[in-house]
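Below is one structure, written out as structure tokens, with a few remarks after it.
The values are calculated or read from the model by the stated rules, or taken from the named source; none is laboratory data. Computed from a predicted model, the values in this text were never measured in an experiment. We place every Cβ from the backbone using ideal geometry, glycine too, and count neighbours over all the protein chains shown.
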Amino acid sequence: MADVLTIILLVIFLATSILIGYFASRKEDSEGYLIANRKLGIFQSVMTISGSFIGAMTLLVYTAFVFTYGISAIWIFIGYLIGFVIFTFFALHLKDYSKGKKFYTPADYFTHRFDRKTALYVMIAIFIFYFGALIAQFVGSGKILTEITGMNYSVSVIVIFVVIMSYLLMGGFKSVVKTDVFQFSILGILLLVIGYTIRGGLQVPVTHFNIFNASPIMITAFLVLGIFTLFAGQDFWQRVYAMKNRNVVKKSFIISGVIVFIVALVLTYIGLVAKTHYASIDADIAILYSFTRLVPSFMVGIVAIAFFAAILSSADTILFVLGVNLAKDFLKKKDVRYTRISILIIGILAVLLALVFKSLVDIAIVFKSIGLIVSVVIFFTWITKGNRTAIKVTIGVSTVAILIIAFFGFLSPELAVVSIFATALIYWLVILFLKLFKKKEKN
């Protein structure tokens, strides 16, 4: 059970997040609510990209991978670093392509470039991917709050939901950006403080530092997972649309990639400490367990805030973009009221599922694999002219295949390799078939 100081610090932090959302909502029009008036500068962009990236999926799932697979899991973040660089070029293309157009989501891009039906296929897969990520955020935050305060898991999840909903319904995307800046600033400062005050005796065997401990297939899975993830990240697309100009786009993604990699190095070490000293704990809470037992007791409240700063900055982003998807992309309603209602409905559904499915790593593997399907398709449509039929068939077949594989219990990071290479194979087979069919028709 948490002490009084921890509870007070948590309440202050959560209340501050709500207040930021309230002030962000004042004198705000629909463009401000949906896309922050497309005026994001470098500082805000870096903070919101980094803040959104470092959430439950990163803090808990990645550390769980380190706990399970050792330092070889760092290949995920080596992939992410490469992915940030590659995505920067795509982001510049996206910024140029969207110039003069009021784009809000990937659906706008695909509708404009291909047609609405193609866009719907893409958005359905992205929606499934993001909805799974949202469930993971609630599961992760619920486990953290339960571990720190001793509260019932279900109550913990509901508390997090209420806090996020309180500021998100008021301030929209402006609220997301402003709370991201606040929350990620807090996270950065507290990680430094925690690192400085952490207790001694954290020796890790030298054998744990061999990055080739995992099999070649596992390393490949981690690497490609990192490289391709960003392409299906519609929160990254949204930030590109919201940035002032190309210069902001270029610098923001490169800087964010470096920051995220530095955080990954810290998380990797913590995961190795957990693997060495607490081998019998639940992998889902390896990082939290390590932090709360390696820092002095008076620092536990600060640890709690650091985790919530990371998780809230991701969960609110995911919930917001899902609300925009449902209202604008699927229901074709641009009125902000429909976005707010959509956010509320999606949030409630995610919470209900988070109360049922509590394995964070399993959730991450399944839905990340679906996201990688879209990433591969987006990548091909960027480097080639793209094909409507190939996009629709590939997304449909690959998504169903991943869900079937997951249903039969194949829940391993290697599923990322299966997802990427199977998607690429299907896409080009469809292209080849269409060319052959067209050639036969001419003859």
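Identify the residue in the stretch 65-107 that is part of a helix (DSSP H, G or I) and free of Cβ contacts under 8 Å to residues at least 60 places away in the same chain and, among all such residues, is nearest to the chain's Cα centre (by Cα). Step by step, filter the stretch 65-107, then rank; the result is Phe89. Residues of the stretch 24-49 being over 21 Å from Phe103 (Cα atoms) and at pLDDT below 75, which ones? Across the stretch 24-49, the qualifying residues are Ala24, Ser25, Arg26, Lys27. Is one or more of the residues making up the stretch 146-159 over 17 Å from the mean Cα position of the chain (by Cα), closer than 28 Å to Ser256 by Cβ and at pLDDT 75 or above? For the stretch 146-159, residues over 17 Å from the mean Cα position of the chain (by Cα), closer than 28 Å to Ser256 by Cβ and at pLDDT 75 or above: absent.
Per-residue answers, yes or no, for (1) part of a helix (DSSP H, G or I); (2) surrounded by fewer than 17 Cβ atoms within 10 Å (Cβ to Cβ); (3) modelled with pLDDT under 90:
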| residue | (1), (2), (3) |
| --- | --- |
| Leu344 | yes, yes, no |
| Val356 | no, yes, yes |
| Ile363 | yes, no, yes |
| Val366 | yes, no, yes |
| Thr381 | yes, no, no |
| Ala390 | yes, no, no |
| Val393 | yes, no, no |
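Under the condition of being touching a helix residue (DSSP H, G or I) at 6+ places or on another chain (Cβ under 6 Å) and either of a type in the set (Val, Ile, Thr) or more than 17 Å from Gly83 (Cα to Cα) (or both), which residue from the stretch 255-269 is surrounded by the fewest Cβ atoms within 10 Å (Cβ to Cβ)? Across the stretch 255-269, the extreme among qualifying residues is Ile255.
Considering every residue within the stretch 161-168, establish whether at least one is in a helix (DSSP H, G or I), at pLDDT below 90, over 25 Å from Gln234 (Cα atoms) and not aromatic (Phe, Trp, Tyr). Within the stretch 161-168 (the criterion being in a helix (DSSP H, G or I), at pLDDT below 90, over 25 Å from Gln234 (Cα atoms) and not aromatic (Phe, Trp, Tyr)), the answer is no, since none of the residues qualifies. Once the stretch 236-254 is narrowed to residues that are in contact with a strand residue (DSSP E or B) (Cβ under 8 Å, 6 or more places away or on another chain) and not hydroxyl-bearing (Ser, Thr, Tyr), the residue that is surrounded by the fewest Cβ atoms within 10 Å (Cβ to Cβ) is Lys244. Within the stretch 282-330, take every residue that is of a type in the set (Asp, Glu) and closer than 22 Å to Gly371 by Cβ and give me the one that is modelled with the highest pLDDT. The residue in question is Asp329.
Residues that are farther than 20 Å from Thr229 by Cβ and among the aromatic types (Phe, Trp, Tyr) within the stretch 416-435 comprise Trp428, Phe433, listed in sequence order.
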